[in-house]
Structure formats: structure tokens, C-alpha cells
Amino acid sequence: MKYYLKTLNLIFLFSFLGPVCVQAQQGFTINGQVEGLEAQTVQLDYRSPSNSTVHLTSKVDNGSFKFEGQLTQPTMVTLKADDDSFAENFLLENATLKIKGAVKDGEINIEITGSKLPLQYEKLMHNAGSAMGDLGGINKELVKAMKNNDIQKTIEYQKKRLQSIERYEHHFEEFIKTHPDNYLSLIAMQRIMRGKNYVYIHELFDGLSPKIKNTPTGQNIMKSINKRKNTAIGKMAPVFTEKSPDGEPVSLKDFRGKYVLLDFWASWCGNCRALTPHMKEIYSKYKDKNFTILAVSLDMEHQDWVNAIEEDHLPWAQMSDLKGWKNEAAQVYHISALPRSYLIDPEGKIIAQDLHYEKLENKLEEIFN
């Protein structure tokens, strides 16, 4: 069968360069013929399962080139010319592939035969991008609203941004549920893992076939999921101590007896700060009802942290160890993306995770009303 792959401009396409998974086969062969290719050599780059970078080089003879190798699992590869006339990413498996195409004005249109994976991956990502909609336009309006200190517009566009991301993630979730025996479900899992709670992501993964779950990448995903077990909903929130902007020790344990929204943020996180106006409304409404917010900053510079607190007029408790992503609390809670938050009850138990806007309001109304 024949598949057509055009130069890709899909959201987040280049952020996943690690391996997907499948059992090892005999190896791969790529026979290329690209019209207008003037480069002396073409390079194929990818990462091995041990995360080392593999560089393969082929001489170009009148537009022709060839690669041979072996993968332990399907892998995202980059095919690029030494004269920078093109660079193309696609999903490669152990198979015999033919690449035909042409280079024109720095772009390459190529046709790949011999493997279904490139088109399947493109379709998965294209549909996810369509589900997301115009996130770039929403972000521009959000930045503009924040610069103009327009609280109403900031809340409006931050809500739209979160809704856009929810649609994007929902697309992957549905793919996982309906394709339990498809290797691309592992890519979909990696796309949504950061913002999902332990119980839900564990159930999603558990729905995959044994063949998929037992692959190397499947096992790595399982290990990553299990790391979150101690901060899952229903677990006691791990306690920690860091310092306030004034250098005084602050401990999560100090807030026992209150409902606490444990908020991970940073001065450089625009999406975190875009949530601030609504969080201030929530704080004002519930601060006298046994509720508070405790913010953990992943800043590295004390002055940046303090400036953001002052600029945004944040009234709740702040703490940090100024270690950036190596922040000790962030390590304990396995924070790999911002913003992240946990709602903790007076006994110190985690009762919700990553609630924003109406979801947070509804949860607090349920608690206090």
C-alpha cells in the first residue's frame, strides 16, 4: 500500500523524539530517491532505548540514498540533509521502506511506501491538533489580556485555553480506549500523562493489551505511573518544609486543620499567573471558611519570585527552595509540568487534583455548602 506524507506542521510533533515500542524484527532498510536533492550526504538520527543518540549517514548519488539498521521498537526519526535543504520527521519500524519525493524551496514532499506507521502517526497528531483548535490564537489573546491587566479577558481566554487542551487530551484518551492493541496508544499515553491523576491514568494504561503493556516503553510508562502512587487522590499528602520569601521555614504540616490548595507555580509560568485572578476570587470567598492556598514556587532567583508575588498581589502563603525543577517538594509530588495543584483536606488527605475555574468552584461549594 502507498502512503503520502507531506512536510508536517503539527502541534507538538517534534516534542516526542523518543521510542515507541514493538518487538524487535530483522531490521529496517530505507531506499530513498529525492528529486532536486543537492546535498552530499543525508543523515538519519534517532534515540536508542537507552536514550543515546544514533547517527546514520548515507552518501547521496544523484538524489539516491540508502539506510540500513535495526530497531528494538518503532522510533521517531529525523531525516535531514547536510546542506540543511530539508529535515523530516517520521515514525520508523523494522521494515523495507521506499521514500520518493522532491525538494523545492527548502521544503520536501515525500511519499513513503512499505509501512503504515508514518500515516497512522500523522493522522493521530493531525486529528489531535484539529480537536485542539486555534490554541496559538487563544494564547496571543491571553498574553494581550494579561499585559493590559484585563482581568475579565484573562479569565475568559485562560478558560478557553484549558478547554482547548482538554479537547486535545480527550482525543488521545479516546484513541487509547479504542485502540488497546495499537502501539500508537503508548504515544498517546505519553501525551496526556503529565496532567492526569494516578487512578485515571492507571486505569487507562491497564486497558491496553498485555502485548503493549509488556513492551519496553510500556514498562517505562508503568514505572512513571507508579511513581505517582504516593500522591494519588485518597493518599495522605507528603509533608515538606521550605522557606518563605523572608527566609522563614514553612511546612505543609503547619496547615493541618484547613482545606489547602497546594499550588505549584513559578514567576516565569505565564499560564500559572493567568490563573491568579480567579484564584484570588476563590481565596477571597473561602478564606474565612477554613480554606487557604499554599503556593510552592519553582523559581531559581529569589528576586524574580518576590517580584511576581508583589506584581500579582498574592495574599496567600508562599514557599520555595529556589531549586527550579529540582525543588524538593516538586520531586516528591513528581511535578513535570506547570501549573499543578492538589486539594488537601484538614486531615492531610489529597481529595482532588488540578481543579480550575468551575471544577474548583464546584468542589469547594460541595465541601462548604
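All of the numbers you see were taken from the coordinates with simple rules; none came from a lab. Fair warning: this is a prediction, and the values are worked out from it, not measured in the lab. Using ideal geometry, Cβ is built from the backbone for each residue, glycine included, and neighbour counts are taken over all protein chains shown.
Put a dot 7 Å past each Cα toward the Cβ at K98 and T53; how far apart are the dots in nm?
Label-label distance for T53 and K98, simple model: 3.3 nm.
Find, to one decimal place in angstroms, the Kirkwood hydrodynamic radius of region 126-230, where the mean of 1/r is taken over every pair of different Cα atoms and then inverted.
Radius from the Kirkwood sum: 15.2 Å.
Based on the alpha carbon coordinates of region 241-368, what radius of gyration and maximum Cα-Cα distance (Dmax) apply, in Å?
Spelled out, the Cα radius of gyration and Dmax of region 241-368 are 13.6, 38 Å.
Under the definition of Cα pairs under 8 Å and six or more residues apart, what whole-number percent is the relative contact order of the chain?
13
Could you please rank S48, S164, S320, placing first whichever residue has the fewest other Cβ atoms within 10 Å of its Cβ?
Fewest-to-most ranking of S48, S164, S320: S48, S164, S320.
Of all GluC sites (Glu not before Pro) in region 289-354, which ones are in loop regions per DSSP and have a Cβ with at most 13 other Cβ atoms within 10 Å?
E301, E347
What's the magnitude of the charge dipole for the chain around its Cα centre, counting Lys and Arg as +1 and Asp and Glu as -1 at the beta-carbon? Answer in Debye, nearest 20.
960
Semi-axes, largest first, in whole Å: what does sqrt of 5 times each Cα gyration tensor eigenvalue give for the chain?
Equivalent ellipsoid of the chain: 45, 23, 19 Å, largest first.
For K104, which lysines qualify as cross-link partners when the Cα separation must be under 25 Å and same-chain residues fewer than eight apart are set aside?
Cross-link targets: K2, K6, K59, K66, K80, K123.
So which helices of the chain fit the span-like rule, where a helix is a whole DSSP H run, its Cα atoms reach 20 Å or more along the axis, and its mean Kyte-Doolittle is at least -0.5?
117-132
What whole-number distance in Å separates the alpha-carbon centres of region 331-369 and region 74-99?
43
Which whole-number percent is the relative contact order of region 241-368 (Cα, under 8 Å, 6+ apart)?
Taking the mean separation of contacting Cα pairs over the length of region 241-368, I get 32 percent.
Can you figure out the FRET efficiency of H356 with D105, using R₀ = 51 Å and their beta-carbon distance, to the nearest 0.05?
The computed FRET efficiency comes out at 0.75.
I'd like the FRET efficiency for N271 and V199, computed as 1/(1 + (r/R0)^6) with the beta carbon distance as r and R0 of 35 Å, rounded to 0.05.
0.90
What's the longest piece of the chain with no exposed trypsin sites (Lys or Arg not before Pro), counting a site as exposed if DSSP puts it in a loop and it has at most 13 other beta carbons within 10 Å?
117-226
Calculate one ³J(HN,Hα) per residue across region 53-62 by plugging θ = phi - 60° into the Karplus curve 6.51 cos²θ - 1.76 cosθ + 1.60, and present them in order as whole Hz with x for glycine and proline.
So the Karplus estimates, Gly and Pro as x, are 8, 9, 10, 10, 10, 10, 6, 9, 10, 6 Hz.
Could you pull out which residues in region 229-246 have an amide N less than 18 Å from a spot 7 Å beyond the Cα of K253, following the Cα-Cβ vector?
What the label zone holds, given the 18 Å backbone N cut-off, is 236-244.
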